[in-house]
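Accompanying notes for the structure given below.
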Amino acid sequence: MIEVFYWPTPNGKKVTILLEELGLEYKITPVSISRGDQFAPDFLKLNPNHRMPVIVDHKPAGGGAPISVFESGAIMMYLAEKAGRFWPQDTRAKYEVTQWVIWQMANQGPKLGEVGHFRRLGDREGDQGYAVRRFTDEANRLYGVLNNRLYDRRYLAGDEYTIADMISYPWTVNWQAQGQDIEGFKHFKRWFEEIGGRPAVQRGLAVGKDLSTDVTKLPPEEQARIRKILYNQRAIPAPG
Ligand SMILES: N[C@@H](CCC(=O)N[C@@H](CS)C(=O)NCC(=O)O)C(=O)O
């Protein structure tokens, strides 16, 4: 059984989409990132980078102790490799997929995360005009990369639907909030509609839709504790 330490965000949904596509048995363990669960000592043992998602495979192939994996790209590879699906293993096809998985992790995820952050922030921390422009342009560039990749192939890695598509799709669901208009990216839009129409993708996206933490309803001391760990995050001191 696969345990998924999860909160319903694009990085979490990559994993539930793949699990739904694979039909693997899994269990969700919520990690409320609004309440700071990602800083709990037990969670830090699984991911020292204090971010979700993380998986624990309680029945790894070949037996033995449970295996835990953090970083959604590594999780996608682990699960696809375990199931023998959605990540072809001959060298050429494998690296067609791998390069797009790494592209998503190193470019699309972080930059679309920033565009969302600065656009939501408004002017609460002063004028964010430059940051909004910089990341909205960068988002536009990245939609262009997807569009240009998809004009002559059905999926990101070619004719086959793979983890490259599953990992890139959830970050595009909120294209409007990222200041984009997908009408200008017709090849991307064709792919977006096809992937979004897959029943397993819809099930994966819906996982945890009822999970939320209304921090304003918590006692003031708890709100203060949460603010302290979540805002302006800096290095955690080493234990010894
Ligand atoms: N590169 C990581 C990014 C994970 C990540 O940024 N997760 C966010 C939610 S989408 C998180 O846990 N945020 C908690 C925080 O910012 O404190 C991955 O793809 O797994």
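Each reported figure results from applying straightforward, stated rules to the coordinates on display, with no laboratory input. None of the values given here were measured: they were computed from a predicted structure. For neighbour counting, all protein chains shown are included, and Cβ atoms are generated from backbone atoms with ideal geometry for every residue, glycine included.
Taking θ as phi - 60°, what are the ³J(HN,Hα) couplings along the range 60-66 by the Karplus curve (6.51, -1.76, 1.60), each to the nearest whole Hz, with x for Gly and Pro?
x, 4, x, x, x, 5, x
In whole angstrom, note down how far apart the Cα centers of the range 20-72 and the range 221-240 are.
Answer, in whole Å: 21.
Which of SER32, SER72 comes first, and how do the rest follow, when ranked by fewest Cβ neighbours within 10 Å?
Fewest-to-most ranking of SER32, SER72: SER32, SER72.
By the scheme Lys and Arg +1, Asp and Glu -1, what is the net charge of all other residues having a beta-carbon under 14 Å from that of ARG35?
0
Under the Karplus relation 6.51 cos²θ - 1.76 cosθ + 1.60, θ = phi - 60°, what is the ordered set of whole-Hz ³J(HN,Hα) values for the range 138-146, x standing for Gly and Pro?
Whole-Hz 3J(HN,Hα) from phi for the range 138-146: 5, 4, 4, 4, 5, 4, x, 4, 5.
Given the Cα atoms of the chain, and with Rh set as the inverse mean 1/r over their pairs in the Kirkwood sense, what is Rg to Rh to two decimals?
That ratio is 0.98, to two decimals.
Mind listing the long-range amide H neighbours of ILE28? Cut-off is under 5 Å, sequence gap 5 or more, other chains count too, H placed in the peptide plane at 1.01 Å from N.
So ILE28 has HN proximity to VAL4.
Can you list residues from other chains, or at least 5 along the same chain, whose modelled amide H is less than 5 Å from the amide H of VAL54?
PHE5
What distance in nm lies between label points placed 7 Å from Cα along the C-beta direction at PHE39 and ALA206?
Between PHE39 and ALA206, the label points sit 3.5 nm apart.
For the range 91-198, what mean projected area does the convex hull of the alpha carbons give, in nm²?
In nm², the orientation-averaged hull projection of the range 91-198 is 6.7.
If R₀ is 22 angstrom, what is the calculated FRET efficiency for the pair THR91 and GLU71, using the beta carbon separation as r and rounding to 0.05?
0.45
Classify the range 1-121: rounded, prolate or oblate, from the alpha-carbon gyration tensor (a ≥ b ≥ c, eigenvalue square roots; a/c under 1.5 rounded; otherwise prolate if a/b is larger than b/c)?
oblate
Below 11 angstrom from the Cβ of PRO66, what's the summed charge of the other residues (Lys, Arg +1; Asp, Glu -1)?
It works out to a net charge of -1.
Give a residue-ordered list of calculated ³J(HN,Hα) values for the range 21-33 (Karplus: 6.51 cos²θ - 1.76 cosθ + 1.60, θ = phi - 60°; whole Hz; x for Gly, Pro).
Karplus values, whole Hz, x for Gly and Pro: 4, 7, x, 7, 6, 8, 10, 8, 10, x, 10, 6, 6.
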